[in-house]
Structures are given as structure tokens and as C-alpha cells.
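The values are calculated or read from the model by the stated rules, or taken from the named source; none is laboratory data. Remember, predicted model here, so these are calculated numbers, not experimental data. We place every Cβ from the backbone using ideal geometry, glycine too, and count neighbours over all the protein chains shown.
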Amino acid sequence: MINPVDTSTAHPETAIPTIGEAPVVPPSACAVPSDDGDSNLDGAALEAWRSYLQSHATILRLLDAELISEHAITTRDYEVLLYLAQAPDRKLPMSALAESTMLTRSGITRLIDGLVAGGLIQRTSCPSDARVSYAQLTDQGMAKLRSAGCTHVGSIRRLFLEHFDPEEIGRLADLLSRLPGAQPGGSCTVE
């Protein structure tokens with residue numbers, strides 16, 4: 001049953017009905033309406049945003065599941081191995097890895113600990129600055145990256161690229177390159 005908001009403190013024009021304690025928000029309303037009309041997100045804008053968020057989360061979950069199942073690594077592990085494989089001497093400072101992966105220092109440390117335990121990378125120190133620590137890809141890590149690369153690219157093709165024709169992929173690449181953090185170029189594998 002819908003119960004009206006206590007209007008003793010609310011303005012009648014902004015009162016939001018509730019179910020128990022939770023407000024009932026119409027599915028198309030994402031913000032309190034304002035006079036300029038810019039605070040709502042609905043129609044095509046809402047569908048684009050929802051589709052982006054939901055498909056991104058689903059694709060990452062599926063990529064993770066396939067890499068874990070077939071290679072015992074996550075997509076985040078794969079990403080770190082790839083960054084290291086593409087770096088000079090196959091090594092990067094921990095701070096650079098944290099920045100590239102958008103993880104905190106403690107987050108990258110935990111991730112690196114797991115990769116070190118698996119023999120995929122090793123920690124090395126900087127000869128000129130004891131405060132700097134590097135992660136370096138091992139030969140075993142490079143082999144793991146190469147074998148996982150086939151699975152990863154196949155999954156990307158199946159989960160993402162097959163849903164678009166080549167012209168749409170070109171347009172999509174152009175559109176997505178405008179988003180914050182987008183970095184054109186690069187590679188999904190070491191080959």
C-alpha cells in the first residue's frame with residue numbers, strides 16, 4: 001500500500017509517495033525535477049546509460065568466469081600481465097600499475113601478491129631508490145598471458161564485437177573514445 005509522505009515538513013508539490021519507509025520513484029525519474037528540466041535522465045539517454053552499465057558489468061563477469069575457468073586468472077590479473085608484457089624489460093613500478101589499473105596501492109599490492117604466489121610475476125627493487133618496487137613478468141607469466149590471450153580475444157569477439165557490423169564498430173570506437181579515461185590504441189594480447 002502506498003502511504004503519503006508526512007507533508008508537515010515537505011512541500012506538497014515535491015511530496016513523494018512511499019511504500020513503508022522507501023520512496024516510490026517512477027521508473028523514468030532519476031532525479032528530483034528542476035525548473036530547467038536537466039536533472040532528469042529518461043528516454044534514450046536513460047536507455048543508453050543503463051545499457052552501457054548493464055552490458056559492461058555482464059561482459060566483465062563473463063570474461064572473468066571464462067579466464068578463471070580456463071586459465072585460473074581474472075581479467076584484472078590478465079590486464080596486469082599485459083601491461084607488464086608491453087613494458088620495457090617486462091617490468092613496471094607498482095605505482096604505475098596502480099594508476100593504470102585504477103586500483104589503490106593496497107588493491108594492487110593484494111593483486112600482485114596473488115600473481116607472485118602463482119609464479120607469474122616477481123617483485124624487484126629499484127637499485128637507485130629503495131622506496132620504489134617493481135613488478136616484473138616472469139617467463140611463466142608470459143606463457144600464461146599468451147595462452148589466456150586466445151581465450152580473452154575469442155570472448156571479446158563473441159560477447160562484444162559479434163553484435164555489431166564493421167561500420168558500427170568503427171562508429172562505436174569513435175563514440176567511446178570521447179569518454180573519460182578512454183585510451184585509443186593498445187592491444188588485448190602480446191601477439
Item to check | Count of residues meeting criterion [over 12 Å from residue 76 (Cβ atoms) and either of a type in the set (A, V, I, L, M) or touching an Asp or Glu at 6+ places or on another chain (Cβ under 7 Å) (or both)] in region 99-128 | outcome: 4
Item to check | Within region 124-157, considering residues that are within 13 Å of residue 94 (Cβ to Cβ) and free of Cβ contacts under 8 Å to residues at least 24 places away in the same chain, the one surrounded by the fewest Cβ atoms within 10 Å (Cβ to Cβ) | outcome: 131
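Check region 165-178 and report whether any residue there is over 25 Å from residue 65 (Cβ atoms), within 17 Å of the chain's Cα centre (by Cα) and among the charged types (D, E, K, R).
yes
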Item to check | Boolean, residue 69 is over 14 Å from the mean Cα position of the chain (by Cα), modelled with pLDDT of 95 or more and exposed (fewer than 11 other Cβ atoms within 10 Å of the Cβ) | outcome: yes
Checklist outcome for this item: The correct count of residues that are in contact with a Cys (Cβ under 9 Å, 6 or more places away or on another chain) and small (Gly, Ala, Ser) in region 77-128 is 0
Next on the checklist: Cβ-Cβ distance below 7 Å, separation of 6 or more or different chains: which pairs start in region 93-121 with a residue that is under 21 Å from residue 140 (Cβ atoms) and end on one that is in a strand (DSSP E or B) and of a type in the set (Gly, Ala, Ser)?
Outcome noted: 94/133; 94/135; 97/135; 112/135; 121/135
Checklist outcome for this item: Within region 158-175, the residues that are surrounded by 10 or more Cβ atoms within 10 Å (Cβ to Cβ) and assigned to a helix (DSSP H, G or I) are 158, 159, 161, 163, 168, 169, 170, 171, 172, 173, 174, 175
Checklist entry - Scanning for something out of contact with any strand residue (DSSP E or B) (no Cβ under 9 Å at 6 or more places or on another chain) and surrounded by 13 or more Cβ atoms within 10 Å (Cβ to Cβ), does region 176-187 turn up at least one residue? => result no
